[in-house]
1. If A:Val100 satisfies all but one of (1) assigned to a helix (DSSP H, G or I); (2) over 15 Å from A:Cys204 (Cβ atoms), what's the number of the condition it fails?
2. Let me confirm something: among A:Val100, A:Val146, A:Val140, A:Val115, which residue is of a type in the set (Val, Ile, Thr) and within 25 Å of B:Ala180 (Cα to Cα)?
3. Of the residues B:Val123, B:Val150, B:Val128, which single one is more than 10 Å from chain A (Cβ to nearest Cβ), assigned to a helix (DSSP H, G or I), modelled with pLDDT of 90 or more and surrounded by 13 or more Cβ atoms within 10 Å (Cβ to Cβ)?
4. Considering only the range B:157-172, I want to know if a residue exists there that is in a loop (DSSP other than H, G, I, E, B) and surrounded by 18 or more Cβ atoms within 10 Å (Cβ to Cβ).
5. Going by the conditions given, is A:Val266 in a helix (DSSP H, G or I), aliphatic (A, V, I, L, M) and touching a His at 6+ places or on another chain (Cβ under 7 Å)?
6. Can you work out which of the residues in the range A:268-290 that are within 10 Å of another protein chain (Cβ to nearest Cβ) and more than 12 Å from B:Ala180 (Cβ to Cβ) is modelled with the lowest pLDDT?
7. When you go through A:Leu280, A:Leu236, A:Leu257, A:Leu270 one by one, which is the residue that is over 19 Å from B:Leu189 (Cβ atoms) and hydrophobic (A, V, I, L, M, F, W, C)?
8. One residue is enough: does the range B:35-42 have a residue meeting the conditions surrounded by fewer than 24 Cβ atoms within 10 Å (Cβ to Cβ) and either more than 15 Å from the chain's Cα centre (by Cα) or touching a residue at least 12 places away in the same chain (Cβ under 8 Å) (or both)?
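The values are calculated or read from the model by the stated rules, or taken from the named source; none is laboratory data. As the structure is a computational prediction, the values presented were derived from the model and not from experiment. Here the Cβ positions follow ideal geometry from the backbone for every residue, glycine too, while neighbour counts run over all protein chains shown.
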Amino acid sequence: MSDEMENKNSSPYPLSPIPYTLRSMFVRSFFIQAGWNYERSQNVGFAFALLPALRRVYGNTERYYAALLRHLELFNTQPYMAGFILGNVAKMEEKLAGAVSTTENEAEIRTLTGVKQALAQSFAAIGDRIFWGRLKPMTVQVCLIVWTLGGFYGWLFTSCQETPSLWLILAGPLSGAAAYSAFAVYWRWKGMQSGFECGGASNCGLEDLNWSRFIRRLSVAGFIFSLLIALVALGLFIAFNYTRLSGSELALRLGLLAGVLAAHRVARRLGRSVFFVIGLTLSVSLFLFWALKLKPFDFYL
Amino acid sequence: MILIFKALISSSLAGLLELDTVQAGQFLLSRPALVGPLLGALNGCVLEGARLGILIELIYIDFIPVGGVVPPNGAVAAAVGVLAHSWAGLVPALAFFTGLFAGGLYSFVEYRLRSSRSRCNNVIEAEVKAGRERLNYWVAGAMLGESAAVSLYVFLFSGMVFLTGRFFRLEALTPAMNLAYSLMPWLGLSGLYFRFRAQMYKRS
């Protein structure tokens, strides 16, 4: 194979002026997690997304299959940030296709593998914090805000039977999802372009944004929204019950509420999941109504 | 009969939407806050669907799918919750906890699916070595398998809940479930608060 390779002193089909290949890779990058498996994580999805570039630079040659095998090895990163690595690897494969000797070829392969794995880890850490850790919970906040502004409080009062319009109900989750997806798609595409432009550099894309400052700002914004929503919820709870209940009844309900929140806090401290608190709440409820034969009552409304 | 037909359609829709969680896109179309009202609208219980959906989402906010961790499945939980209410006739509170349990249990199925796909790696490699590349086929197969597994799981789980409701007097649980259910929004809000509070102190 080395002799055959040495005859190819440049890629027959250079990628650079062909935005079509990048666009095709971009569309395929939406399937990067298809076939996720424990042995090699996103390997199948990554190879699938990279196919247009490999076909372009190698054609249907032996080296095409060798390159494909290289990318069927372990790979795992944050799906929205995978564009950075895909673009980068596409560019490096283009350089690799132009390697003039076996030594140069082996060196390029080593660089490619190293850069790919290093970037995968870096972008996984950044992407997980931004998308899973902050933006996704923020879409829930957007949903709650839209519903509350639209006058739908059914998410807070479980016995409330007032049915709002389907449009309002759908507007909540869709508005958050639309904003989130627009941002995610932007970074998928921008990442691919950025990765392709600086292909081969191990810090490629890591300086496109001040990621840590961005993450910090998202945390602050998320925290402020969380507090705001909690305060609004508490205000609604008191407003709905203030005229209907005596002081002691209201205090009893506030006490129950505080009990659940305290249980959650303690559970988190002990490293227990939210399921532990749910189990505890269910057990106490069953004890009250089954063992103590408490009379059923309407808790909120 | 119409209810079974609706349950079948709902299960298939849940299977289709669930692809968005991992396999394709990740546009948040499979989040329970959306799956709940959509299936609720299909089954004539929009309000309960929306409520189940957002509460499941708030409760599951504690779980993040990093590093191959399989968190409870929100789409499955919302779909089972809605069908437990509309098909099996459970009160919303009981349907919610049933959905929550079903979503948590599905992570074991997901784990099995991911493990079974590991075995495909050798086959794919052998194909490529032999000069055959069928990645489109493998990607489509993985998506089809995942979607079918979710649809089947949602339908069978809801069917079991339906049968359980026929043979046991689950109404006896209603008062206790209602009390616990009424506390869930607060538990969810607490989860939302702690999620960001922890990040504030962690320093990115």
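1. Against the list (1) assigned to a helix (DSSP H, G or I); (2) over 15 Å from A:Cys204 (Cβ atoms), A:Val100 comes up short only on (1).
2. Among A:Val100, A:Val146, A:Val140, A:Val115, only A:Val140 is of a type in the set (Val, Ile, Thr) and within 25 Å of B:Ala180 (Cα to Cα).
3. Exactly one residue qualifies, and that residue is B:Val150.
4. no
5. It is false that A:Val266 is in a helix (DSSP H, G or I), aliphatic (A, V, I, L, M) and touching a His at 6+ places or on another chain (Cβ under 7 Å).
6. A:Trp290
7. A:Leu270
8. Yes, the range B:35-42 contains a residue that is surrounded by fewer than 24 Cβ atoms within 10 Å (Cβ to Cβ) and either more than 15 Å from the chain's Cα centre (by Cα) or touching a residue at least 12 places away in the same chain (Cβ under 8 Å) (or both).
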